[in-house]
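*Asks:* The structure that follows is given in the form of structure tokens.
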Amino acid sequence: QVQLVESGGGLVQAGGSLRLSCAASGSIFSINVMGWYRQAPGKERELVADITSGGRTNYADSAKGRFTISRDNATNTVYLQMNSLKHEDTAVYYCYATERYTYWGQGTQVTASS
């Protein structure tokens, strides 16, 4: 079993920045992909960004140029630096990690006030 613990969410004014962190622990052998999804009220969960163990990144169009995903393989931690936040970025952000299975964090609320 792998556990994911997120931190860093909160309330910020539009235009501000937040940094999310997600640390994996437990019976970890080799995590391949780590990343972030988000879900706004009344909307489906959508991919924000992900990163492979080799450092290859993938971003949603809405995140390109504003968000940066990074990863520390030594500590199995993934980060999401979010700059120039918009009101429409308001959502619960979920971390995930793929090993043999896909594991999810509990979610952290990000609110960008307009």
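*Asks:* Net charge within 14 Å of Glu88 by Cβ-Cβ distance, Lys/Arg positive one each and Asp/Glu negative one each, not counting Glu88 itself?
*Replies:* Values: positive: Arg38, Lys43, Arg66, Lys86; negative: Glu46, Asp61, Asp89.
Once all neighbours under 14 Å are counted, the net charge is +1.
*Asks:* What is the Å³ per residue value for the convex hull set by the Cα atoms of segment 57-97?
*Replies:* Numbers: hull volume 3.3 nm³, N = 41.
With only Cα atoms used, segment 57-97 gives 80 Å³ per residue.
*Asks:* When only alpha-carbon atoms count, how far does segment 22-76 stretch along each of its three principal axes, as whole angstroms with the largest first?
*Replies:* On the principal axes, segment 22-76 reaches 35, 24, 13 Å in Cα extent.
*Asks:* Ok, one more. When only DSSP loop residues count, what chymotrypsin sites (Phe, Trp or Tyr not before Pro) in segment 8-104 have their Cβ near at most 14 other Cβ atoms within 10 Å? Display every interim value, and only then the final one.
*Replies:* Working: sites: Phe29, Trp36, Tyr37, Tyr59, Phe67, Tyr79, Tyr93, Tyr94, Tyr96, Tyr101, Tyr103, Trp104; in loops: Phe29, Tyr101.
Sites meeting the loop and neighbour criteria: Phe29, Tyr101.
*Asks:* Restricting the calculation to Cα positions, tell me the Rg (one decimal) and the Dmax (whole number) of segment 1-44 in Å.
*Replies:* Over segment 1-44's Cα set, Rg and Dmax evaluate to 13.9, 40 Å.
*Asks:* Give me the percent relative contact order of the chain, please, defined on Cα pairs under 8 angstrom at least 6 residues apart.
*Replies:* Numbers: 286 pairs, mean separation 41.8, N = 114.
Relative contact order for the chain comes out at 37 percent.
*Asks:* For Ala74, project a label point 7 Å along Cα to C-beta. Then give me every residue of segment 5-49 with its amide nitrogen under 20 Å of that point.
*Replies:* Correct set: 21-26, 28-32, 34.
*Asks:* With only alpha-carbon pairs counted, each pair once and no self-pairs, how large is the Kirkwood hydrodynamic radius of the chain in angstroms? List each step's numbers first, then the result.
*Replies:* Details: mean 1/r = 0.0716 Å⁻¹.
One decimal place: 14.0 Å for the Kirkwood radius.
Only the coordinates and a few stated rules stand behind these numbers; no lab work does. Since the model is a prediction, treat every value here as computed from it, not as a measurement. Positions of Cβ are generated from backbone atoms using ideal geometry, with glycine treated the same way; all protein chains shown enter the neighbour counts.
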